[in-house]
Amino acid sequence: MTAMLSLRNVWVEYGDKIVLERVDLDIAERSFVSIVGPSGAGKSTLLRLLLGQEAPTRGHILLDGKALKPECGPDRGVVFQRYSVFPHLDARHNVLFGLECARAPLTGRLFGGARRAGLAEADAMLAAVGLADSRHVYPAQMSGGMQQRLAIAQALVKRPRILLLDEPFGALDPGIRSDMHMLITRLWREHALTIAMVTHDIGEAFALATRVLTLDKRRHDPHAPHRYGATAVYDLTLDRRVAAESATASSITIDEIDNN
Amino acid sequence: MRLVNIRPNRRTAVLLGAAPLLLLVLTYLIASASRHAFNPADKILPTPGAMIAAMRLLVLVPDPMTGERLFWSDTFASLGRLGLGLAISTVSALLVGLVLGLVPAVRATFGPTVTTIAVIPPIALLPILFIAFGLGEAAKVALIVIGILPLMIRDIAAHVEALPAEQLIKAQTLGASTWQLALRVALPQAMPRLIQAVRLSLGPAWVFLISAEAIASDVGLGYRIFLVRRYLSMEIILPYVAWIALLAIAMDAALRFISRRGFAWAHVSR
C-alpha cells in the first residue's frame, strides 16, 4: 500500500505553546487509523491539520504527493461529535447539499432532471446509512445516533478521498454506539474509504481500526509544560485486522473508480 | 399542587389573559361614569358615547378642508411610513448582517462603524435629518431606519457569527464556496432570527414614527394625537392609542405566523 497522506516534520505552535512537534506520519490508502491520547495531546489539532482548518507552523502535509491547501475542501469529508448537520434542511436535502454545491455554483440549488438525479443519489446514500425512512425528518427531530448517520451520509455522498471523524460516537449511548461501529465498518469496506478517527475510547480505537496511533508528549518539563509538544508515541498496525480485511477485500467488488 | 405546576389549558389561558384587560376597561368605565356624574362636561375621561361620536366624524365624515376621512388618511400615512421604514431596515439588516456575520474581514472593517452608529440616540439625529431631507416623508422614514437598523444589523450579525463553526467547516468539506455558504447555510438560518428582530423592532419603530409625526407633519396618527392634545380631546386620543395598539398587535401576530409557516424547522423541538 502506498502512502496517500503524509506528514513530514510537522509542528504546531500557538505563541510559545507547542502542541505538536516532529510529527512524521504516512497514512496508507484504505486504512482505518484511530488516533487516541490523553486530553490536550493534540488529537483534535492533528485532525484540524488533516482537515485543512489550520496550517502547520512548520513542516509539510502532502495529499497524494501534493501540498495540502490550508483550507477545507471536498476531497476531505468530516463528521464532528455535534453540529455537523444543517438544522434548516431535512435529511434528504442535507445530503443533497454537497451535490448542489458542486453542480450549481451560482444558485446553490438544482432544478428539474438534475435535481431528481441528485435526490435519487441522496436517497441511496440515506438508505446506505439506514435512514431510508427518515428522508423528510429535520435534524432537531432526530436522535443523536440518527444525526450522526446523517452526517456520515452527507460526507460520503461527496466520495471524499479521506474521511475524518472527530469523536463521532462520543455522545451516543453504548447500544447505539455499537450499531454505529458496524455501520462505519461496513461503509469503510463497501466504499473503499480511508478513515482517520479521533476517539477517547481505546476499545473503540482497537475494535475499528487497522492502525492505532497514540499521541502524547515524549518529554515533560515540569516548569514549562507547554514547551514540549505531543507526537505519535505508539504506532500499532493491527495485523490481524489488516489480514482479515484483505481476505474480505478480494472477495467483494469495490467501487474505487468513483472516489475522487 | 404547587403553583408552578398548574398549567392552564388553552381556553383557560384565553380567559385568564382577557380578564386583566377587561378589568382595565371596567375600571375606566366606572371612573369615567363617576367623573361625569360629578361634572357632565368632564374632558379628561370621556364616556364611550363621546368617543364614538368623535370617532364617527373622523372615520365616516369627510373633512370639509381636505375632503378626506381623516382617520383613514392618518392610518394610511402612518402605515406607509412605518412599512417603508421597516422594509428598508429589514432588507438592509439582512444583507449587511449576513456579510458582517459571515466574513471576518468585513466584520473587522465595518463592525466598529455599526457599533458607533448604534450608540447614537436616533432622536438626537432628527434635526440633522430634517435639515438634510427637509420636513417631508423622507426624514420620517429615515428616522425609523436610523432608529432600528443598527440594532437589527448587530442582532443578525451576532446570530450568523454564532452559527457553530463545525457547520461552516462541514459545508466547506461538502464543497461550498463563500457565496454558497451565505446563500444556503447562513441566509436560511438568519431568516427566523430576522423576523424575530423585526418583531422586536416594531415597538421602537412606532416610537420614532410618532415622534417624527408629532414634530413635523400634516397627516398621521401621531400628528393627530399631538394636534388634538391642544383641545384636551381625550375622546380622540384614547381611540387613536387603542387603534395603534391594535395595529401593532396585528403586525406582531402576522410576523409570528409567517415565521411558523415559513420556517417550521426553527420552531420544532425534539
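The values are calculated or read from the model by the stated rules, or taken from the named source; none is laboratory data. Note that the structure is a prediction, hence the values are computed from the model and not measured. Because the Cβ atoms are built from the backbone with ideal geometry, glycine has one as well, and the counts that use them run over all protein chains shown.
Some observations on this one:
- Residue in the stretch B:34-41 that is closer than 15 Å to B:Ala242 by Cα and surrounded by 10 or more Cβ atoms within 10 Å (Cβ to Cβ) present: no
- Hits in the stretch A:1-30 - residues which are modelled with pLDDT under 85 and of a type in the set (S, T, N, Q): A:Thr2
- Residues in the stretch B:174-185 that are part of a helix (DSSP H, G or I), within 7 Å of another protein chain (Cβ to nearest Cβ) and free of Cβ contacts under 8 Å to residues at least 12 places away in the same chain: B:Gln180, B:Leu183.
- Criterion (out of contact with any His (no Cβ under 7 Å at 6 or more places or on another chain) and either within 10 Å of another protein chain (Cβ to nearest Cβ) or not in a helix (DSSP H, G or I) (or both)) met by exactly one of B:Pro192, B:Pro188, B:Pro204: B:Pro192
- Every residue from the stretch B:127-173 that is within 14 Å of chain A (Cβ to nearest Cβ) and either buried (at least 21 other Cβ atoms within 10 Å of the Cβ) or among the basic types (Lys, Arg) (or both): B:Val160, B:Lys170, B:Ala171, B:Gln172, B:Thr173
- Candidate set: the stretch B:95-120, residues that are among the β-branched types (Val, Ile, Thr) and within 26 Å of B:Pro188 (Cβ to Cβ); chosen: the one surrounded by the fewest Cβ atoms within 10 Å (Cβ to Cβ): B:Thr109
- The stretch A:58-80, subset more than 14 Å from chain B (Cβ to nearest Cβ) and part of a loop (DSSP other than H, G, I, E, B), residue surrounded by the most Cβ atoms within 10 Å (Cβ to Cβ): A:Asp64
- Scanning the stretch A:69-84 for residues that are in contact (Cβ under 8 Å) with a residue 24 or more places away in the chain and either out of contact with any Lys or Arg (no Cβ under 7 Å at 6 or more places or on another chain) or of a type in the set (Phe, Trp, Tyr) (or both) yields a total of 4.
- Candidate set from the stretch A:81-100 (those that are surrounded by 23 or more Cβ atoms within 10 Å (Cβ to Cβ) and at the interface with chain B (Cβ under 7 Å from one of its Cβ atoms)); member that is nearest to A:Pro160 (Cα to Cα): A:Gly98
- Taken together, the residues in the stretch B:26-41 that are polar (S, T, N, Q) and under 19 Å from B:Tyr231 (Cα atoms) amount to 2.
- Filter result (crowded, with 17+ Cβ neighbours inside 10 Å and more than 9 Å from chain B (Cβ to nearest Cβ)) within the stretch A:104-114: A:Leu110
- Within the stretch B:42-60, being surrounded by 11 or more Cβ atoms within 10 Å (Cβ to Cβ), within 29 Å of the chain's Cα centre (by Cα) and of a type in the set (Val, Ile, Thr) holds for B:Ile52, B:Val59.
- Filter result for B:Ile123 (in contact with a Phe, Trp or Tyr (Cβ under 8 Å, 6 or more places away or on another chain), surrounded by fewer than 21 Cβ atoms within 10 Å (Cβ to Cβ) and more than 11 Å from chain A (Cβ to nearest Cβ)): yes
- Set A:Ala41, A:Ala28, A:Ala55: member being free of Cβ contacts under 8 Å to residues at least 24 places away in the same chain and more than 14 Å from chain B (Cβ to nearest Cβ): A:Ala55
- Of residues in the stretch B:244-270 being within 14 Å of chain A (Cβ to nearest Cβ) and exposed (fewer than 11 other Cβ atoms within 10 Å of the Cβ), the one nearest to B:Tyr223 (Cα to Cα): B:Ser269
- If you go through the stretch B:72-125 and pick out every residue that is farther than 21 Å from B:Glu137 by Cβ and polar (S, T, N, Q), you end up with 4.
- Hits in the stretch A:124-176 (condition: of a type in the set (D, E, K, R) and within 14 Å of chain B (Cβ to nearest Cβ)): A:Lys158, A:Arg159, A:Arg161, A:Asp166, A:Glu167
- Matching entry among B:Ala157, B:Ala190, B:Ala171 (being assigned by TED's automatic domain parsing to the domain that holds B:Ala108 and free of Cβ contacts under 8 Å to residues at least 40 places away in the same chain): B:Ala171
- Index of the failed condition, A:Leu164 passing every other in (1) within 24 Å of A:Asp123 (Cβ to Cβ); (2) at pLDDT 90 or above: (1)
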